[in-house]
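Undergrad: I am attaching a structure below and will ask some questions about it afterwards.
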Amino acid sequence: MPIVLTLTGHLNPPERLARDEVRDWLSRAAVWFEGVGDVVLDARVVRDGEDRPVLLVLLHPAAPAAEVRLGAGGKVRVTAVTTPAGPGYHIHLCGLLRRLAAEFHFAWPLDDCTDPTNYFQSRDRERCEQAFLRWLADACAAGATSPGLPPNHGYSHPGEVLTPLGPRTRAWRDQVAAAPARGREFFPWWAPDLDPAFYRDRALVRLWCDFPWRPPLSEEEGELADQIANDLASAFKLDPGAELPWAEWLELLTAIRGDEDGYCVTPDDAGLSIELWKHLGPLPAPAKERIGYRRYAVRVQLDGGWSVEVPGELLRERNDDRTWTAWDGTRTVWFQALRFTKKDGAQPTAAETAEVGRKSLPEGEPLPPLDRDGLRGEAVFGVVEEDGRRLWRLSGVTGAPGELAVCNVYVGSETDRDWAVHTWLSLRHA
């Protein structure tokens, strides 16, 4: 089970708060979080699944954003999963939330707070650290193959045990299970201070788990690249003798220089590049041996129980029309899931749903049909014109009981046909 910090406070307003007043308070709290320094990566008010406003505060990419909610009666509730980021995150967040309460004139009664480490009540750092080490040791003892990563991360990196700071061996996992103190370096935020290790490891988590190793294709990717570059620069400035990922830092700067759409704001620093080359050495490791799970294919979870394997460097987006796309400059994968029932309410078979989809296929060269793992599918391949460009498109439909996946794969060259077919055939249904 993750370590979850839960705090409850009360504003005591003179009367019940209207929804716009709740949102206004959360927005002011978001501005406050954004102003505390570069420890906060993002703070924004969004709508949850029940259309209620919630403030999401992200401090570290290894942990989900902390949730801040405000009820109409003035109850403030914070929920934060602090594993696997580490005890440093847990301790720093506790201090930040105490400052929030002081700034907005309310308190966190200890009776209404839940902290499995007991740090919020006792401020006992050693006890907090031991709680995190026990959490990791329990995960290792249970045979976890990707401790600290989301259950559906989809990374296909060949490492034996994948962690937010890179792959480890099964022998390492067994050692941590037997001696929890060996797991300290697993956590990317061990000490609560914003020291060189904090900035280095926060950058390393994003290089391992998030960075696509190409120029950004969106504002969000540009912000990601800038934040990683800033963290590496901060670590270097605080400790010029620290060991940093020199080759990957150079790749990051090369990607930022290749940003033709202005998504990044990091300046081009030739002097910094020269300094990085000095640290790099004469024989940098091949790309596949460098940091980055997204150098490999990623299996992405889609709607309706479907999943598909795509290259890690593709930008993935869910669209407002309940479709999903993954793309770069030359390739695009488009997906939509549809559900079917018969007139009598019965569930159609995979072959029946595939037959419904087959009728919608455009003209093109028929490809060998899909018949595997209870799925049935057909696809065609041919030339199309999109926005004045000549492209090749695989149009495929894949049926599962009661479900149909529509998957179109666009490529800029006919030579990418085998890749398009492989992508369509990689569809799976839970």
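The values are calculated or read from the model by the stated rules, or taken from the named source; none is laboratory data. Everything numeric in this text was worked out from a predicted model, so none of it was measured. Here the Cβ is made from the backbone with ideal geometry for all residues, glycine too, and neighbour counts use every protein chain on show. Only protein heavy atoms, including side chains, enter the accessible area calculation; ligands, DNA and RNA are left aside. Shrake-Rupley method; radii C 1.70, N 1.55, O 1.52, S 1.80 Å.
Undergrad: Net charge within 15 Å of Trp424 by Cβ-Cβ distance, Lys/Arg positive one each and Asp/Glu negative one each, not counting Trp424 itself? Could you put the intermediate results ahead of the total?
TA: Values: positive: Arg299, Arg331, Arg358, Arg372, Arg376, Arg393, Arg417, Arg428; negative: Glu309, Glu365, Asp371, Asp373, Glu378, Asp416, Asp418.
Neighbourhood net charge equals +1.
Undergrad: Per DSSP H run of n ≥ 4, the term is -39500 (n - 2.57); total these for the chain, divide by its residue number, and report the mean residue ellipticity at 222 nm rounded to 500 deg cm²/dmol. The partial results should precede the final answer.
TA: Working: 11 runs with 138 residues, N = 430.
The per-residue figure over the chain is -10000 deg cm²/dmol.
Undergrad: Something else: Could you state how much accessible area Asp344 has, in square angstrom rounded to the nearest 10, with a 1.4 Å probe and all protein chains kept in place?
TA: 120 Å²
Undergrad: Once you have the Cα-Cα distance between Arg184 and Asp24, take 0.36 nm times their residue separation minus that, and quote the gain in nm to one decimal. Let's see the in-between values first.
TA: Values: separation 160, 0.36 × 160 = 57.60 nm, distance 4.06 nm.
Full-extension gain reported as 53.5 nm.
Undergrad: On a straight-distance basis, which lysines could pair with Lys278 in a cross-link, Cα separation under 17 angstrom, same-chain partners fewer than 8 positions away excluded?
TA: Filter leaves Lys237.
Undergrad: Per the Kirkwood treatment, what hydrodynamic radius in Å, one decimal, follows for segment 300-430 from the mean inverse distance over all distinct Cα pairs?
TA: Taking every pair of different Cα atoms in segment 300-430, averaging 1/r and inverting gives 14.9 Å.
Undergrad: Next question. Provide, for q = 0.24, 0.26, 0.28 Å⁻¹, the log10 of I(q)/I(0) from a solvent-free Debye sum over equal Cα point scatterers in segment 207-261.
TA: -0.93, -1.05, -1.17
Undergrad: Mind checking which of Thr163, Gln347, Gly222 is farthest towards the positive end of the chain's charge dipole, using Cβ charges of +1 (Lys, Arg) and -1 (Asp, Glu) about the Cα centre?
TA: Of the listed residues, the answer is Gln347.
Undergrad: Oh, and also: For segment 57-106, state the semi-axes of the equivalent ellipsoid (square roots of 5 times the eigenvalues of the alpha-carbon gyration tensor), sorted largest first and rounded to whole angstrom. Write down the numbers at each step before the final one.
TA: Working: eigenvalues 93, 33, 10 Å².
Gyration-tensor ellipsoid for segment 57-106: 22, 13, 7 Å.
Undergrad: In debye, nearest 20, what is the charge dipole magnitude of segment 17-164 about its Cα centre with +1 on Lys and Arg Cβ and -1 on Asp and Glu Cβ, if you could check?
TA: In total the dipole reaches around 180 debye.
Undergrad: Would you mind computing, in nm to one decimal, how far apart the modelled labels at Asp48 and Val81 are, each placed 7 Å from Cα along Cα→Cβ?
TA: It works out to 1.5 nm between the two label points.
Undergrad: Could you work out the pair-distance distribution P(r) of segment 116-205 from its alpha-carbon pairs, with 10 angstrom bin width and percents rounded to whole numbers?
TA: Calculated P(r), rounded to whole percents: 16, 43, 34, 6, 0.
Undergrad: Just how much of His92 is accessible, in Å², when a 1.4 Å probe is used and the result is rounded to the nearest 10?
TA: Approximately 40 Å² for this residue.
Undergrad: Follow-up question, since we're still on this one. Once the Cβ-Cβ distance between Thr6 and Val384 is put in as r, and R0 is 60 Å, what FRET efficiency do you end up with, to the nearest 0.05? List each step's numbers first, then the result.
TA: Working: r = 52 Å, r/R0 = 0.87.
So the FRET efficiency works out to roughly 0.70.
Undergrad: Another question, if that's okay. Can you give me the orientation-averaged projected area of the convex hull built on the Cα atoms of segment 235-285, in nm²? Don't jump to the answer; show the numbers that get you there.
TA: Numbers: hull surface 16.3 nm².
That works out to 4.1 nm², a quarter of the Cα hull's surface.
Undergrad: If I compute solvent accessible area with a 1.4 Å probe over the protein chains, what percent of it on segment 42-163 is carbon and sulfur? Please report the intermediate quantities before stating the final value.
TA: Working: 2440 of 5280 Å².
In segment 42-163, the share of accessible area belonging to carbon and sulfur is 46 percent.
Undergrad: So what is the accessible area of segment 253-307 per residue, in Å², with the probe set to 1.4 Å? Before the final figure, lay out each step's value.
TA: Numbers: 3170 Å² over 55 residues.
Accessible area per residue, segment 253-307: 58 Å².
Undergrad: Moving on to the next point. If you bin the C-alpha pair distances of segment 1-119 every 5 Å from 0, what whole percents do you get?
TA: P(r) over segment 1-119, rounded to whole percents: 2, 11, 23, 26, 21, 13, 4, 1, 0.
Undergrad: When Lys and Arg each count +1 and Asp and Glu each count -1, what net charge do the other residues less than 11 Å away from Leu391, Cβ to Cβ, add up to? Can you show the working numbers first?
TA: Working: positive: Arg331, Arg389, Arg390, Arg393; negative: Glu385, Glu386, Asp387, Glu414, Asp416.
Neighbourhood net charge equals -1.
Undergrad: Angle, helix 219-238 long axis vs. longest principal axis of the chain, Cα atoms, 0 to 90°, nearest 10?
TA: For 219-238 against the chain, the angle is about 40 degrees.
Undergrad: Shifting gears a bit: Just how large is the dipole of the chain about the Cα centre, in debye to the nearest 20, putting +1 at every Lys and Arg Cβ and -1 at every Asp and Glu Cβ? Mind dumping the intermediate values first?
TA: Numbers: 49 positive and 65 negative charges, 233 e Å.
The calculation lands at about 1120 debye.
Undergrad: Mind checking which of Asn152, Leu253, Val265 is farthest towards the positive end of segment 136-284's charge dipole, using Cβ charges of +1 (Lys, Arg) and -1 (Asp, Glu) about the Cα centre?
TA: Final value for the positive-end residue is Asn152.
Undergrad: Using 0.36 nm per residue of separation minus the Cα-Cα distance, give me the extension gain between Ala102 and Glu260 in nm, one decimal. Please list the in-between numbers first.
TA: Values: separation 158, 0.36 × 158 = 56.88 nm, distance 4.44 nm.
Here the segment from Ala102 to Glu260 would lengthen by 52.4 nm.
Undergrad: Suppose every K and R has +1 on its Cβ and every D and E has -1 on its Cβ; what is the size of the dipole of segment 95-207 about the Cα centre, in Debye to the nearest 20? Let's see the in-between values first.
TA: On the way: 14 positive and 14 negative charges, 69 e Å.
Here the size comes out at about 340 debye.
Undergrad: Return the FRET efficiency for the residue pair Glu15, Asn118: r is the Cβ-Cβ distance, R0 is 51 Å, and the value is rounded to the nearest 0.05.
TA: Working: r = 36 Å, r/R0 = 0.72.
Calculated transfer efficiency: 0.90.
Undergrad: Kindly express, to the nearest 10 degrees and within the range 0 to 90, the angle between helix 196-209's C-alpha long axis and the longest C-alpha principal axis of the chain.
TA: On a 0 to 90 degree scale, this one is about 20.
Undergrad: Sorted by mean Cβ packing within 10 Å, highest first, what order do the peptides 69-81, 189-201 take?
TA: Numbers: 69-81: 17.5, 189-201: 19.9.
Listed from highest to lowest mean packing, they are 189-201, 69-81.
Undergrad: Hey, another quick one. With a point put 7 Å past each Cα toward its Cβ, work out how far Val36 is from Ala142 in nm, to one decimal.
TA: In this crude spin-label approximation the distance works out to 2.9 nm.
Undergrad: Which FRET efficiency value, to the nearest 0.05, is calculated for Glu363 and Glu219 with the Förster distance at 45 angstrom and r the Cβ-Cβ distance? Working shown, then result.
TA: Numbers: r = 38 Å, r/R0 = 0.84.
So the FRET efficiency works out to roughly 0.75.
Undergrad: OK, next. Can you give the percent of C-alpha pairs in segment 211-325 whose distance is more than 19 Å? Display every interim value, and only then the final one.
TA: On the way: 3539 of 6555 pairs.
Counting every Cα pair in segment 211-325, those more than 19 Å apart make up 54 percent.
Undergrad: Using only the Cα atoms of segment 305-358, each taken as one equal point scatterer with no solvent, compute I(q) by the Debye sum, divide by I(0), and report log10 of the ratio at q = 0.14, 0.22, 0.26, 0.31 Å⁻¹.
TA: Here log10 of I(q) over I(0) equals -0.53, -0.90, -1.04, -1.23.
Undergrad: Here is a follow-up. Cα to Cα, under 14 Å, and not fewer than 8 places away if on the same chain: which aspartates and glutamates meet these conditions relative to Lys342?
TA: Straight-distance partners of Lys342: Glu352, Glu355, Glu403.
Undergrad: Plugging the Kirkwood radius over Cα pairs into Stokes-Einstein for the chain, at a temperature of 4 °C and a viscosity of 1.567 mPa s, what D comes out in µm²/s?
TA: On the way: Rh = 24.4 Å.
The calculation lands on 53 µm²/s.
Undergrad: OK, next. With the other protein chains left in place, how much accessible area per residue, in square angstrom, belongs to segment 65-187 at a 1.4 angstrom probe? Before the final figure, lay out each step's value.
TA: Numbers: 5590 Å² over 123 residues.
Value returned for segment 65-187: 45 Å² of accessible area per residue.
Undergrad: Taking K and R as +1 and D and E as -1, what net charge do the other residues with C-beta under 9 Å from the C-beta of Val411 add up to?
TA: Values: positive: Arg331, Arg393, Arg417; negative: Glu414, Asp416.
Result for the neighbourhood of Val411: +1.
Undergrad: Between 0 and 90 degrees, rounded to the nearest ten: what's the tilt of helix 270-280 against the longest Cα principal axis of the chain?
TA: Computed tilt is about 90 degrees.
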